[in-house]
Amino acid sequence: MRIPFRVVFEQRGETPRRLSFLVPLASVFAALFFGALFLLATGYSPIGTYTNMFRDGFASFNGITDTLALSTVLICTGISAAFAFQMNLYNIGGEGQLYLGLIGGAWAGIALGDHLPTLIMVPVVLLCGALAGAAWIFVPAFVRSRLGTSEIVSTLLLTYIAASLIKHVIYTPGSFFRNPNTSFPQGRMVADSASLESFGSSRLYPTFFVALIIAGALYWVVKRTEFGYRINVISDSPRAAHYAGINARRTTVWVMLISGALSGLAGAMLIVGPYGKIEPSIITLGYGYAGIVVAALARNNLGLIIVSGILFSGLRVGGNNLQVTTDTPIHIGVMLQGAILLFALGGEAFRRYHIHVVRTHDASSKKAPA
Amino acid sequence: MSNTSHEVAQGPHHNSGAASTALSAHSIDKKFPGVLANDSVDFDVRAGEVHTLLGENGAGKSTLAAVLCGLYQPDAGYLMRNGKRINLSSPRAGLQHGIAMVHQHFRLVERFTVSENVILGSRDLPFKLNRREINEKVAAVAESYGLPIDPDATVGDLSVGQRQRVEIVKALYQGAEILLLDEPTAVLVPSEVEKLFENVHAMTAAGKSIVFISHKLGEVVEISDRVTVLRNGRVTGHVSGRGTTDTKELARLMVGRDIELNAQRATHAIGHEVLQIRNLSLSIDDVAVLTDISFNVHAGEMVGVAGVAGNGQRELADTIAGLISPTSGSVGISGAMTTDCGPVQAREVGLAYVPEDRLGMGLVPSMSILDNLLLTRDRKLVVDRVSVRPEASRLIEQFEIKANGPDHLARKLSGGNAQKVLLARELSGGRSATKLLVVCSPTRGLDVGAIETVRRLLNDARSAGQAILLISEDLDEVLSLSDRVLVLYRGSVVHETPGETAQLSQVGAAMAGLAAEGRS
Ligand SMILES: Nc1ncnc2c1ncn2[C@@H]1O[C@H](COP(=O)(O)OP(=O)(O)OP(=O)(O)O)[C@@H](O)[C@H]1O
Ligand SMILES: [Mg+2]
């Protein structure tokens, strides 16, 4: 049996510049369209649903502040992913590094007690979270740089272990991280000095600005510093790096450690912000994985992560509110997120390749709508 | 020297009078940001002829070839194939019309084997590949065109010359009727060029057409039925008829003035030893690549290393540059032992190195000219691009690099201009004043004007007291520039002779492994 046609990918000689921003935009719309089909099939109005989503995600006080609050975390996990991806290091274990950030941050917040002022305490908690995230990726980074072991597999496996670790520290009676005063398993609250106040009646914390500053700083590092220069050389041509005496192994380890630290930082931001303790439900939220989508949407461009992080957060907040404000199932929001990732990655193919449909039996080739 | 004797294969030349136009381009415009790479270009190639595109670096030859094969779409103008208008939306469409291009920069997957690369992109491959069958087919195609190659070799392990061969085999395998060869001979040694030309004659005799691009005027005179000269994207001259022109005239047509390539070997004082190589041996995966090499290069001396590609030249250069640690023996640069020190240390004691491979090793394709200039320099913690910018502009001017400025990306440069960027960086000193210059095939891909400039710069560097190791497959270049010539064969120095009295026949014989007992 033969299929009468075939889709052929052919590398473009040159990428038209307009495709660079049209494609990500189009992938969001394509995902929305895809979601609309599902909504129609299940008997909901796409227009009504999307209007609600937009209102709840962006166009109301609670909506926009919740969106920015969520984006605080997703910008961090997004840069974490993009920073490693741009050097072709596929750290997909940001999720696990985030859990460790939660644990590391909670440890500092509990262990150091109420002795230090908030101004010192909060940075210390954030730092401990970042260090814990970095520590969690150290082994994958080391074996990747020495032996070339796939970091995709190792970071992913460690995520499962990190999830067990979260459960362990909360569900084990007498655990340091467990609230000793309740029989119901709950995280122990960190010291007051390790908790920030949210803005007014919102759920937005000052950590949002920390995320913005870090995004800006890393962008600068990549564009302007020697370290960024090395990253650019290595990711483009490893042989040129060798020729120039750039130590690719060391840079690989550092890039992965920084990537892990950023995901850890995202976890610690939850500690000093909304959670104040280890919240075991974190393992159902997938903030680390969402960072991969945010990075893909921004095509690993650190300058665009803030935009894609906020956009994606808004879709998610709006999607989650659907169930509260209407009876639309929450899964529609989750499905949209997945669809966006798929379309963003698929869209990349349009940017880089000419896509043709070729009939296998006669020689004529037809151009697929690009 | 243009008339290198070479037997014409397969009988007399094809019926030139009655041949029909196989492919033509009409008023082609192709713009890139800041340049009009093709400016209403008319071009045609007939069945059974070799039509050469000639022009300075950045004149628009590769761009025109890319339009002819469907890689680029022209901004204006159109193509006709056998009298019918065609629209090529991609190289695949070009291939369906029997048009294939062998690119100046290789487009091979380094991790794949030769046959995997050759069949890559072929239509109608079965789901399950029969490796042995494919290998045999690839080897047969390669063999029948006189380009023997091991189908199972990994492309990443091949020398540049061998990779070029894979590219040619690939185009032939895909059944090209019109073959666009963009500087195919730049990486071939004379004997290989002869073979290629025999094959070109065989193909034209069979009615196929060749569009040929080369900067080597001798070759152009020898192989072309017609020549079209491009300059700044415009057609500025035609020569038709085999043997009706000579290299001098072509050079004049191209650059508008006379070119003197016979660099004089200035008499000058030779100083102390700068490069000292002692009993250098190198094995890679237990295969001996270099065997017991010892020689010196003195200040103010140019030593040429001749040899057929793949006899250890690349490894020798990489070892001197500190990129490879030798198995035994030592390398010293101006008194310092640099054997296992790495490239940065070697540069700090005065090394400059132009590697054989420009894009991907000597240059980072996705980075700008400016950033590429910084590649082998001392960069500060915060890269200071501002203070390097004027120097970048100056070098662009001095080397006549056709670019929009220091921010032009390396991969968007024409082949010759990329080579100029590499030379500009390495000849202009880096971490410290250059004492030893190791250059591999420095003039490959350069037009005659640029060759003249580069040879002058090399001579200037020598007069300024730098020690120069010139490694090149271009025997003429080695013989005409070097004070001393070494011949590398299978990783050993098999012949050594002063440049002035070097005999082409002797050096050639040594390169082929026919050296009389050892070295003098
Ligand atoms: N992708 C690109 N983007 C921008 N400019 C380009 C691109 N490709 C080529 N150019 C410019 O177009 C001009 C013509 O380039 P082309 O590669 O056709 O030159 P060429 O005649 O093949 O030169 P060479 O002999 O050096 O290979 C050059 O000025 C080059 O910088
Ligand atoms: Mg070219």
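The values are calculated or read from the model by the stated rules, or taken from the named source; none is laboratory data. On a predicted model such as this, the values are computed, not experimentally measured, just so you know. Neighbour counts run over all protein chains shown; Cβ positions are idealised from the backbone, glycine included. The accessibility values were calculated without ligands, DNA or RNA, using every heavy atom of the protein model including side chains. Shrake-Rupley method; radii C 1.70, N 1.55, O 1.52, S 1.80 Å.
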Residue (of B:Leu363, A:Ala295, B:Val289) at the positive-pole extreme of the protein assembly as shown, dipole from beta-carbon charges | A:Ala295
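Over chain B, what is the relative contact order in whole percent, taking alpha-carbon pairs under 8 Å and six or more residues apart?
Working: 1064 pairs, mean separation 81.2, N = 520.
Here the relative contact order equals 16 percent.
For chain A, what is the calculated [θ] at 222 nm in deg cm²/dmol (nearest 500), taking -39500 (n - 2.57) for each run of four or more DSSP H residues and dividing by its residue count? Intermediate results must be reported in sequence, preceding the final value.
Numbers: 13 runs with 241 residues, N = 370.
Value at 222 nm, helices only, nearest 500: -22000 deg cm²/dmol.
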Any aspartates and glutamates with Cα under 17 Å of the B:Lys380 Cα? List them, leaving off those in the same chain fewer than 8 positions away.
-> A:Glu226, B:Glu348, B:Asp371, B:Glu391
Sketch the reach of a paramagnetic label on B:Arg111 as a point 7 Å from Cα along Cα-to-Cβ, and name the residues of the range A:55-93 whose backbone nitrogen lies under 15 Å away.
-> A:88-90
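Placing +1 at every Lys and Arg Cβ and -1 at every Asp and Glu Cβ, with all other atoms neutral, what dipole size does chain B have around its Cα centre, in debye to the nearest 20? Can you show the working numbers first?
Working: 53 positive and 61 negative charges, 305 e Å.
Charge dipole, chain B, about its Cα centre: 1460 debye, nearest 20.
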Using only Cα atoms, figure out Rg for chain B and give it as a multiple of 2.2 N^0.38 Å.
-> 0.97
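Students sometimes get this wrong: rank A:Met269, A:Met335 by accessible area, probe 1.4 Å, all chains present, largest first. Don't jump to the answer; show the numbers that get you there.
Working: A:Met269 5, A:Met335 45 Å².
Result of the area sort, largest leading: A:Met335, A:Met269.
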Kirkwood Rh in Å, taken over the protein assembly as shown so that all alpha-carbon pairs contribute = 30.8
Intensity falloff of the range B:273-511 expressed as log10 I(q)/I(0), Debye formula with alpha-carbon point scatterers, at q = 0.10, 0.12 Å⁻¹ = -0.45, -0.65
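Go ahead and run the numbers for FRET between B:Val287 and A:Asn88, Cβ-Cβ distance against an R0 of 30 Å, rounding to 0.05.
Details: r = 30 Å, r/R0 = 1.00.
Efficiency, rounded to the nearest 0.05: 0.50.
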Note to self, chain B gives a 222 nm [θ] from helices alone (DSSP H runs n ≥ 4, -39500 (n - 2.57) apiece, / all residues, nearest 500) of -8500 deg cm²/dmol
Relative contact order (%) - criterion: Cα under 8 Å, at least six apart; region: chain A = 35
Tilt, helix A:61-85 to longest principal axis of chain A (alpha-carbon atoms), in degrees rounded to tens, equals 70
What residue among B:Val102, B:Gly77, B:Ser191 has its Cα farthest toward the positive end of the dipole of the range B:47-201, where the charges are +1 on Lys, Arg and -1 on Asp, Glu, each on the Cβ?
-> B:Gly77
Nearest 10, in degrees from 0 to 90: the angle of helix B:415-427 to the longest Cα principal axis of chain B is 10
Between A:Arg55 and B:Asp378, with labels modelled 7 Å along Cα→Cβ, what's the label distance in nm to one decimal, could you check?
-> 6.6
Write out the trypsin sites (Lys or Arg not before Pro) in the range A:171-207 meeting two conditions: DSSP loop, and at most 13 other Cβ atoms within 10 Å of their Cβ.
-> none
What is the Cα coordinate range of the range A:72-298 on the first, second and third principal axes, sorted by size from largest, in whole angstrom?
-> 61, 35, 32
Once label points are set 7 Å from the Cα along Cα→Cβ at both B:Asp246 and B:Asp150, what is their separation, rounded to one decimal in nm?
-> 4.6
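Using the eigenvalues of the Cα gyration tensor, what equivalent ellipsoid semi-axes result for the range B:236-394 when each is taken as the square root of five times the eigenvalue, whole Å, largest first?
Values: eigenvalues 234, 130, 68 Å².
They are 34, 26, 18 Å, listed largest first.
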Helix B:160-173: angle to the longest alpha-carbon principal axis of chain B, degrees 0 to 90, nearest 10?
-> 10
Cα to Cα, under 26 Å, and not fewer than 8 places away if on the same chain: which lysines meet these conditions relative to B:Lys216?
-> B:Lys30, B:Lys61, B:Lys170, B:Lys195, B:Lys208, B:Lys248, B:Lys402, B:Lys412, B:Lys420
Partners for A:Lys167 among lysines (Cα-Cα distance below 20 Å; same-chain residues under 8 apart left out) = A:Lys277
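Hey, what did the range B:273-511 get for relative contact order, percent, Cα under 8 Å, at least 6 apart?
Numbers: 478 pairs, mean separation 67.9, N = 239.
Answer for the range B:273-511 is 28 percent.
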Within the range B:140-222, list the chymotrypsin sites (Phe, Trp or Tyr not before Pro) lying in a DSSP loop whose Cβ has at most 16 other Cβ atoms in a 10 Å radius.
-> none
